[in-house]
1. Residue 352: surrounded by fewer than 21 Cβ atoms within 10 Å (Cβ to Cβ), within 12 Å of the ligand (Cβ to nearest atom) and within 17 Å of residue 422 (Cβ to Cβ), yes or no?
2. Of the numbered conditions (1) farther than 22 Å from residue 454 by Cβ; (2) buried (at least 19 other Cβ atoms within 10 Å of the Cβ); (3) more than 10 Å from the ligand (Cβ to nearest atom), residue 306 fails exactly one; give the number of that condition.
3. Let me confirm something: among 382, 431, which residue is in the same structural domain as residue 321 (by TED's automatic domain parsing), under 32 Å from the mean Cα position of the chain (by Cα) and not in a loop (DSSP other than H, G, I, E, B)?
4. Can you name the residue in region 403-442 that is buried (at least 23 other Cβ atoms within 10 Å of the Cβ) and within 16 Å of the ligand (Cβ to nearest atom) and is also farthest from residue 462 (Cα to Cα) among such residues?
5. Check off (1) in a helix (DSSP H, G or I); (2) at pLDDT 90 or above for residue 264 and give me the number that stays unchecked.
6. Those residues that are more than 16 Å from the ligand (Cβ to nearest atom) and either buried (at least 20 other Cβ atoms within 10 Å of the Cβ) or part of a helix (DSSP H, G or I) (or both), I need them from region 459-473; list them, please.
7. So residue 376 ticks every box in (1) touching a residue at least 12 places away in the same chain (Cβ under 8 Å); (2) assigned to a helix (DSSP H, G or I); (3) out of contact with any helix residue (DSSP H, G or I) (no Cβ under 8 Å at 6 or more places or on another chain) but one. Which box is left unticked?
Ligand SMILES: Nc1ncnc2c1ncn2[C@@H]1O[C@H](COP(=O)(O)OP(=O)(O)OP(=O)(O)O)[C@@H](O)[C@H]1O
């Protein structure tokens, strides 16, 4: 369009080939800038954002809401990428066009170009003004969407529990209500956008066209051809207005998503986990010195010290809520002590209370701990965890597909696969948090036998409630009121705690 308008002005004036040439060059430059900026690293940028989010989760430990993180790593990342790659590029390009046009108008009348430039500057100011007005509505819509994603994720994660409790219907109603709140928030955002767009579009179009017409008509220095060319060109000044609509859809939601992602990353970097310190020259497998820890303003462990020799099996017991799992998490580096020090001779592996298996095959789940493991390595680890025979009897063996959290196998089998994974990792300090609490007696016997079979090349530290398990331990430590009591033998334990 710019080409034909400039052409018109030039042809009418005669000898305007220079203008046409400029028009051609600058129009193509604008298109190239737009294409290059938009295309640059589209997918790379999105995966970079996702990578930062996931990296922050991995380095700083568990999150309060998995759903919210999934929402950040999917929808929000997409929106932030759309803002940074597609939208910013388009805005730059759409601002280039009017500047070029002003340059061309400037060759005919510097005064008109300057006045129109002044009007153009108002556009970003107007956008900023409206952004402030609408940002609350936009954040509300983002929050509603995040709440919806988190609610779905939580409901799906606890589906079987909800069904067992007969609460599925109620939760389904709650999800519907959360969905409705999300719909209303989106509608509010759209309504606000439409209104602002209408006002801005109409006002700006009218202002530019009337001002240009007035300036052209009141100028005596312009030829008829120039006057027509300037009037035509002024239409191109409205190009940024086409971006205003996109600004409120892509820009505002992108900025909201960016705020959410940066806020999450800032929070995570504050909570950044410090890996437990490793000292291969240390004699003890685990040494804890004058360690204190608490959640918020509540102290859980106070000035505790502990040394565990390589090859020892230590049972950690105590009443519910005394801090057994917390102590194990501190040994694994999942929590940071408030004061004091935890030092391990080498990195540890964990077997959690509830099985932690991914969707994938049994082999996939083992190779997570050691990607280069051969089939023979995997069978050896499964033998040691006393689950190999059962897996051999499964039609697909190592290729048996597991659902989320080990769906498709029994809790006891899942727990022993989890133990096999700790074994195949080659780590010789194994932290077990009540590995037998959710399994039947037969599975418990198998797990305990597997622990006995591990031999003295592994140091085992196990939180447990079960007295049967304690017989397999060399030492028992009781956590009580923030302190530790070491019972050197099982007899001592029975003597004091029966
Ligand atoms: N993430 C957390 N935020 C705040 N408080 C927590 C958190 N995790 C645990 N606690 C509290 O810290 C205390 C110790 O918890 P911990 O899970 O370590 O106890 P435990 O001895 O392992 O209990 P149980 O035998 O019931 O598993 C409890 O009072 C618990 O409520």
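1. Here the answer is yes, as residue 352 does meet what is asked.
2. (1)
3. Just a single option satisfies the conditions, and that option is 431.
4. So, considering only residues that are buried (at least 23 other Cβ atoms within 10 Å of the Cβ) and within 16 Å of the ligand (Cβ to nearest atom), the one farthest from residue 462 (Cα to Cα) is 436.
5. In the conditions (1) in a helix (DSSP H, G or I); (2) at pLDDT 90 or above, residue 264 misses (2) alone.
6. Listed by number, the residues that qualify are 459, 460, 468, 473.
7. The single condition residue 376 does not satisfy is (1).
Every residue, every condition in (1) modelled with pLDDT of 75 or more; (2) in a helix (DSSP H, G or I); (3) more than 22 Å from residue 251 (Cβ to Cβ); (4) more than 46 Å from the chain's Cα centre (by Cα), yes or no:
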position	(1), (2), (3), (4)
190	yes, yes, no, no
211	yes, yes, yes, yes
221	yes, no, yes, yes
225	yes, yes, yes, yes
228	yes, yes, yes, yes
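The values are calculated or read from the model by the stated rules, or taken from the named source; none is laboratory data. Worth saying up front: this structure is predicted, and the values here are computed from it rather than measured. Note that each Cβ is placed from the backbone with ideal geometry, even for glycine, and that neighbours are counted across all protein chains shown.
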